[in-house]
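All remarks here apply to the structure that follows.
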Amino acid sequence: MKFQSTRDLNKTKYDSAQVIKQGLANDGGLFVPEEIPMISQDDIKSFCHLSYPELAATVLGKFLSDYSYDELLDDCKNAYNNDSFPDGACPLVKVDDSTYSLELWHGPTCAFKDMALQIMPKLLSRALVKTGEKKEALVLVATSGDTGKAALEGYKDVEQIKICVFYPKDGVSTVQQLQMTTQTGSNVNVCAVEGNFDDIQSGVKRIFNDEKIAEDLNKQGYFLSSANSINFGRLAPQIVYYIKAYCDLLIHKEIELGDMINVCVPTGNFGNILAAYIAKLMGLPINKLICASNSNNILTDFLNTGRYDRNRDFHLTMSPSMDILISSNLERLIYFVSDAKQTAEYMNLLNSKGCYQVSDDIKRKIDKNFVGYYADESQTADTIAKYYNLQDYLMDTHTAVAFSALESYRNEHKDNTKTIVASTASPYKFAQNVYSSIYNSNPYDDLAILEELSIITGTQIPKPLYQLDKKSINFMGVISADNMFDEVLNFIKK
Ligand SMILES: *Cc1c(COP(=O)(O)O)cnc(C)c1O
């Protein structure tokens, strides 16, 4: 299997190890597999007998052909082990007769990003060996909360890699901040920055795009690497759990082999839902992909009109990991339903004008697979309360956006196909908003509320979030956005 850039008319081919090491293609495009490997119904049947690491190694092997099955199995066993995922990698919970919650948050940081970031550093480590890379990878992350912690847990103590995470000083929750400042590991650095997430993201981009900086780092034995979902190494592991969920439905006799299901995903950067689309292209019997957004409903508008327009107000919501105006992975979908020339054209328009309108033909192809719905803040809160009160199911704010969007879809289309909803964070990670959605009041501080939520709902605080305030703080630094590169230099000199 070879890879190429979504914007490369010459279709230059790359190996998977190079793709994982490099992240973004040189022309600014994203790497995609040159063809989609297929799975048959017999394959799906046989997958039902595999453990999660075995299934993951099998599926990853179809894309990452320069890794051996044994290498992948080894890495998958280490990534999805019982210590990191004490409840299994991704339990599927039946919420009502036709709705199943795929809980992707039972990993070390209680958000779905663990599903990819527990395995990706291991794949990068092998990629360094496979490509004969002697320099050390320096992973820089700008985070609005979830990605930073998940990346820290994934990359900590991995050889030949260092990781430095920047977060907005006043822009993350108390839980998220404590998760990061109490981080351990010999190769990690965490730093608060004065400013908002955009300032920090721009700061990191400036470092990535500066040739002089690249040269400086090169002389010191480093090259820059990125951990966000533009990297195919983060996308591939996300395909696995949709196949696993289908197998779980078969095993529990909820469906029969070949039955179509729908999938509903709370979406930000379009990575998670794109992975479900790739599973569908591979032959998994998925009918509709329901793309759920919060009040930043740029994708809902795009799926309804074919026009992507980022010239709009940005809203801070209670589902902050979906507060995004540029969904990078949409570029891969555009490529799959058109070609490199068309993709490059639209992406140039997005860059210069902030908007583009896809052709009728492309719109038709997207419509066959995707629908878009959104939930505003009060719909999100109502959904949390309703499912807790009526179904005894406690969900976080991001998951609630998806459940609400699914209801809107079903009301409009009268489609009662069995549906898997991707549940992307533990309710405890966003306890304040979950609590106030159910009880309409908010009398506790950020940390006390975890205990309170546990007592009144009779559910357990996940171990990684338990007594966070008793852990020792290892990172106290606060810098201005102008000093981010100095911070990086100081870190690598240590
Ligand atoms: C990152 C994240 C999302 C959005 O996923 P994308 O792959 O960016 O679409 C949704 N929910 C939570 C909790 C997240 O952390």
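Each reported figure results from applying straightforward, stated rules to the coordinates on display, with no laboratory input. All figures in this text were calculated on a predicted structure; none of them were measured in a lab. Every residue, glycine as well, gets a Cβ built from its backbone with ideal geometry; the counts of neighbours run over all protein chains shown.
Put simply, the amide H of GLY372, placed in the peptide plane, has neighbours under 5 Å in CYS291, leaving out anything fewer than 5 places away on its chain.
Rounded to 0.05, the FRET efficiency of the ILE213 and LEU9 pair, given R0 = 22 Å and the Cβ-Cβ distance, is 0.15. Take the alpha carbon gyration tensor of segment 205-285, find the square roots of its eigenvalues, order them as a ≥ b ≥ c, and report rounded if a/c is under 1.5; if not, report prolate when a/b exceeds b/c, else oblate. Since a/c reaches 1.5 and a/b is larger than b/c, the shape of segment 205-285 is classed as prolate. Segment GLN391..SER441, full-extension length gain: 15.9 nm, with 0.36 nm per residue of separation and the alpha-carbon distance subtracted. Residue separation of ASP198 and LYS353 scaled by 0.36 nm, minus their Cα-Cα distance, works out to 53.9 nm of gained length.
List, in order, the whole-Hz ³J(HN,Hα) value for each residue of segment 306-323 obtained from phi through the Karplus relation with A = 6.51, B = -1.76, C = 1.60 and θ = phi - 60°; use x for Gly and Pro. Those phi angles translate into x, 10, 9, 9, 7, 7, 7, 6, 9, 10, 7, 10, 7, 10, x, 6, 10, 7 Hz.
Packing here is the average count of other Cβ atoms within 10 Å per residue, and on that basis the peptides 453-466, 6-19, 168-181, highest first, run 168-181, 6-19, 453-466. Residues whose amide H comes within less than 5 Å of that of THR99, counting only those at least five positions distant or on another chain, are THR419 (H built at 1.01 Å from N in the peptide plane). Note on LYS205: aspartates and glutamates with a C-alpha under 17 Å away, same-chain residues under 8 apart excluded, are ASP27, GLU194, GLU215, ASP216, ASP482, ASP486, GLU487. Working from label points 7 Å from Cα in the Cα-to-Cβ sense, the LYS62 to GLN460 distance is 3.4 nm. Applying both filters, DSSP loop and at most 14 other Cβ atoms within 10 Å, to the trypsin sites (Lys or Arg not before Pro) of segment 395-487 gives LYS414, LYS471. The modelled label-to-label distance between SER186 and SER173, using points 7 Å beyond Cα along the C-beta direction, is 3.4 nm. The simple spin-label model puts a point 7 Å past each Cα toward its Cβ; for HIS49 and SER98 those points are separated by 3.4 nm. Sequentially through segment 449-464, phi angles give Karplus couplings (6.51, -1.76, 1.60; θ = phi - 60°) of 5, 4, 4, 4, 4, 5, 5, 6, 9, x, 10, 9, 5, x, 3, x Hz, Gly and Pro residues having no value and appearing as x.
In the chain, taking the dipole from charged Cβ atoms about the Cα centre, the farthest positive-side position among THR267, TYR222, THR131 is held by THR131. What pairs from LYS62/LYS130; LYS253/LYS368; LYS2/LYS122; LYS219/LYS494; LYS21/LYS219 go past 22 Å between their alpha carbons? Over 22 Å Cα-Cα: LYS253/LYS368.
Taking a straight line from the alpha carbon of LYS149, these aspartates and glutamates sit under 15 Å away, with near neighbours fewer than eight places off in the same chain left out: ASP114, ASP157. For segment 421-428, putting each phi into the Karplus relation 6.51 cos²θ - 1.76 cosθ + 1.60 with θ = phi - 60° gives couplings of 9, 6, 9, 9, 8, 5, x, 6 Hz, in residue order, rounded to whole numbers and with x for Gly and Pro. A straight chain from ILE255 to ASN81 at 0.36 nm per residue would run longer than the Cα-Cα distance by 59.8 nm. Considering only ALA25, PHE3, ILE44, whose Cα is most displaced toward the positive end of the charge dipole of segment 1-48, charges sitting on Cβ of Lys, Arg (+1) and Asp, Glu (-1)? It is ALA25, whose Cα lies furthest towards the positive end. Looking only at the chain, where both bridge partners belong to it, what percent of the DSSP beta bridges are antiparallel (to the nearest 5)? The antiparallel proportion sits near 25 percent. For segment 155-207, the square roots of the Cα gyration tensor eigenvalues, ordered a ≥ b ≥ c, give a/c of at least 1.5 with a/b no greater than b/c, which places it in the oblate category. Label segment 251-376 by shape, choosing from rounded, prolate and oblate, from the square roots a ≥ b ≥ c of the eigenvalues of the Cα gyration tensor; if a/c is under 1.5 it is rounded, and otherwise prolate applies when a/b is larger than b/c, oblate when it is not. It comes out oblate by the Cα gyration axes. If R0 is taken as 56 Å, the Cβ-Cβ distance between ARG206 and LEU281 corresponds to a FRET efficiency of 0.95. Proximity of backbone amide H atoms, modeled 1.01 Å from N, is registered between ILE261 and ILE286, ASN287 at under 5 Å, excluding neighbours fewer than 5 places apart on the same chain.
ASP360 label point, 7 Å along Cα→Cβ, cut-off 15 Å on backbone N: hits in segment 305-340? Once the point is set 7 Å along Cα→Cβ of ASP360, 306 turn out to lie under 15 Å by backbone N, inside segment 305-340.
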